[in-house]
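Structure, as structure tokens:
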Amino acid sequence: MMRGKGEAYWGVYPYLEIGGIRVATHDLFSVLALLVGFAIYYRDLRIRRLLEPRIVFISLCALVGGAIGARLLLAWEHLDFYAQYLGSAPITWVIENGGKSLIGAIVGGWVAILIAKRALRYPRSTGDSYAFALPIGVAIGRIGCFLSELPLGKPTDLPWGVRVDPAAAAAFPYCPGCDLPMHPTMVYEIAFNVVAVLVLWRVRRRFVVNGDLIRAYLLAAAVFRFAVEFIRTSPPQLLGLTAPQLVLIPILVYLTMHFARRWRSGTYKLPAAPVASTA
């Protein structure tokens, strides 16, 4: 925390010093999130006896698809950025600094998995192996976002609103509301994912169909993120909705219809208790 003129400010740390080496905070936590997430994923695959060369290749495709999707979702929001720097800066620098979207990464990884499985004729469902890897990885990654990115969210008068150092805010070209206390939306996402892990662990045995545990997490996460977008600073794109919200709408429709069909078919109904014999 920093203090100025009698007020407490939250510091912004784009870089961290580790053993005398300067590393980008966001990139450090992103790599840590990937390493922890894949470690959990592969451990679960090994327990389920699903770990084999094809699934390793599929997970690598998911990583590539996630990286592409993370940038594509925000590209149409920042066309002015690309127009300004394409041709005058290295393409690798433009891609790295063009913004990344968590929703785009999840959608891109999901699409890449579907394509890779079809290409390799891999028929088995492995999505539930991501059910704990994904929220834990997201929570770790959001720590890096909270430490290094601005704005945090829209201004708020709630007691937990976070005020940042004006000098730190001045380093960001787009920082609406940074002169006021802001919603710590990254902290909200961290808390949501921690709670999601605890709830998923408790109810995991109730999902008798492979793939439905991860779908349940994705549905809850989509509802949560759609709501949180109203207190983020993403610019509206259509009908007052942001780009993430527009992407989330078809996902929400698909997942809601999926679980509605499961519910109507009685998939999750518990069997009736046996009738006691009176003989």
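Laid out as a table, the results:
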item	result
Candidate set from region 215-245 (those that are surrounded by 12 or more Cβ atoms within 10 Å (Cβ to Cβ) and at pLDDT below 90); member that is nearest to GLY109 (Cα to Cα)	PRO244
Meets criteria (crowded, with 18+ Cβ neighbours inside 10 Å and assigned to a loop (DSSP other than H, G, I, E, B)) for LEU152	yes
Pairs, first farther than 17 Å from VAL12 by Cβ and free of Cβ contacts under 8 Å to residues at least 60 places away in the same chain in region 23-34, second acidic (Asp, Glu) and surrounded by 16 or more Cβ atoms within 10 Å (Cβ to Cβ), C-beta under 6 Å, six or more apart	none
Test: residue in region 157-174 that is assigned to a loop (DSSP other than H, G, I, E, B), modelled with pLDDT of 90 or more and buried (at least 19 other Cβ atoms within 10 Å of the Cβ)	yes
Matching option when the condition is at pLDDT below 90, closer than 22 Å to ILE214 by Cα and not hydroxyl-bearing (Ser, Thr, Tyr), among ALA131, ALA112, ALA70, ALA39	ALA70
Count - residues of region 178-202 that are surrounded by fewer than 18 Cβ atoms within 10 Å (Cβ to Cβ) and not in a helix (DSSP H, G or I)	2
Filtered residues of region 124-147 (kept if touching a Leu at 6+ places or on another chain (Cβ under 9 Å), among the small types (Gly, Ala, Ser) and assigned to a helix (DSSP H, G or I))	GLY127, SER129, GLY137, GLY141, GLY144
Residue check for SER129: of a type in the set (Ser, Thr, Tyr), surrounded by 20 or more Cβ atoms within 10 Å (Cβ to Cβ) and closer than 20 Å to VAL107 by Cα	yes
Contacts under 7 angstrom Cβ, first residue in region 236-256 being farther than 18 Å from ILE214 by Cα and touching a residue at least 40 places away in the same chain (Cβ under 8 Å), partner charged (D, E, K, R) and surrounded by 12 or more Cβ atoms within 10 Å (Cβ to Cβ), 6 or more apart	ALA243/GLU77; PRO244/ARG225; PRO244/GLU229
Checking SER234 against (1) in contact with a Pro (Cβ under 9 Å, 6 or more places away or on another chain); (2) farther than 30 Å from THR256 by Cα; (3) part of a loop (DSSP other than H, G, I, E, B), the condition it does not meet	(2)
Condition met for SER101 (at pLDDT below 90, of a type in the set (S, T, N, Q), within 25 Å of the chain's Cα centre (by Cα) and closer than 30 Å to LEU238 by Cα)	yes
Every residue from region 11-33 that is over 23 Å from the mean Cα position of the chain (by Cα) and in a strand (DSSP E or B)	GLU17, ILE18, ILE21, ARG22
Breaking point among (1) at pLDDT 80 or above; (2) surrounded by 14 or more Cβ atoms within 10 Å (Cβ to Cβ); (3) assigned to a loop (DSSP other than H, G, I, E, B); (4) not hydroxyl-bearing (Ser, Thr, Tyr), for ARG49	(2)
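Let's see how each residue does on (1) over 23 Å from VAL199 (Cβ atoms); (2) touching a Phe, Trp or Tyr at 6+ places or on another chain (Cβ under 8 Å); (3) among the acidic types (Asp, Glu):
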{"residue": "ALA216", "(1), (2), (3)": "no, yes, no"}
{"residue": "ALA221", "(1), (2), (3)": "no, yes, no"}
{"residue": "ARG225", "(1), (2), (3)": "no, no, no"}
{"residue": "GLU229", "(1), (2), (3)": "no, no, yes"}
{"residue": "LEU238", "(1), (2), (3)": "yes, no, no"}
{"residue": "ALA243", "(1), (2), (3)": "yes, yes, no"}
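Each row is one residue, and each column tells you yes or no for (1) over 18 Å from ILE40 (Cβ atoms); (2) not polar (S, T, N, Q).
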{"site": "TRP110", "(1), (2)": "no, yes"}
{"site": "ARG121", "(1), (2)": "yes, yes"}
{"site": "SER129", "(1), (2)": "no, no"}
{"site": "PRO135", "(1), (2)": "no, yes"}
{"site": "ILE143", "(1), (2)": "no, yes"}
{"site": "LEU152", "(1), (2)": "yes, yes"}
{"site": "TRP160", "(1), (2)": "yes, yes"}
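The values are calculated or read from the model by the stated rules, or taken from the named source; none is laboratory data. Computed from a prediction, not measured in an experiment: that's the story for all the values here. Every residue, glycine as well, gets a Cβ built from its backbone with ideal geometry; the counts of neighbours run over all protein chains shown.
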